[in-house]
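Undergrad: To start, I am sharing the structure in question, which I have written as C-alpha cells.
The values are calculated or read from the model by the stated rules, or taken from the named source; none is laboratory data. Just so it is clear, the model here is predicted, and its values are computed rather than measured. Using ideal geometry, Cβ is built from the backbone for each residue, glycine included, and neighbour counts are taken over all protein chains shown.
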Amino acid sequence: MDFRGRYEKDRDERVSAAQNQNYKQMYQQVLAENEAFRAKLGEITASHGELQAQMADLLTQFELLKSTNNQRAADLLQISQNMEAMVATAYEQQSDVLTRFKADIAGRLGAAKAELE
C-alpha cells in the first residue's frame with residue numbers, strides 16, 4: 001500500500017472512531033434522558049394514584065353529606081308538618097273557646113235582660 005492509501009485508511013479509521021465516539025455519547029445521552037423520563041413518569045403515576053385516592057375520599061364525603069342533608073330535609077319536613085298540625089289544633093281549640101265564650105256571654109245577657117224586665 002502506498003503512502004496515500006495508508007493515509008486515507010488511517011483517516012477513515014480516525015473518522016470512524018470519532019463517529020463511533022459521537023454515537024456512543026449520543027446513545028448515553030438518550031439513555032440518561034430515557035431514565036429521567038421514566039423517573040418523571042413514575043412521579044406522575046404516583047401523583048395520579050394519590051389524586052385518585054383523594055377523589056374517592058371526596059366522593060365518599062360528598063355522598064355522606066348528601067345523605068345527611070337528605071335526612072335533615074326529611075326531619076325539617078316532619079317538623080313543619082308537626083307545626084301545621086299544632087297550629088290547626090290550636091285554631092280549633094281557640095274556636096271552641098270563642099264559641100263557648102260567646103254562648104256564655106249570650107246566656108248572661110239573656111239572664112240580665114230577663115232580670116231587667
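Undergrad: Tell me, please, whether a residue that is of a type outside the set (S, T, N, Q), over 34 Å from the mean Cα position of the chain (by Cα) and not in a helix (DSSP H, G or I) can be found in region 75-98.
TA: No, every residue in region 75-98 fails to be of a type outside the set (S, T, N, Q), over 34 Å from the mean Cα position of the chain (by Cα) and not in a helix (DSSP H, G or I).
Undergrad: Quick one: which of LEU116, LEU98 is modelled with pLDDT under 90 and surrounded by fewer than 10 Cβ atoms within 10 Å (Cβ to Cβ)? Give the derivation first.
TA: Details: LEU98 fails: surrounded by fewer than 10 Cβ atoms within 10 Å (Cβ to Cβ).
The unique qualifying residue is LEU116.
Undergrad: Further question on the same structure: Does any residue of region 101-109 turn out to be of a type in the set (Lys, Arg) and exposed (fewer than 10 other Cβ atoms within 10 Å of the Cβ)?
TA: no
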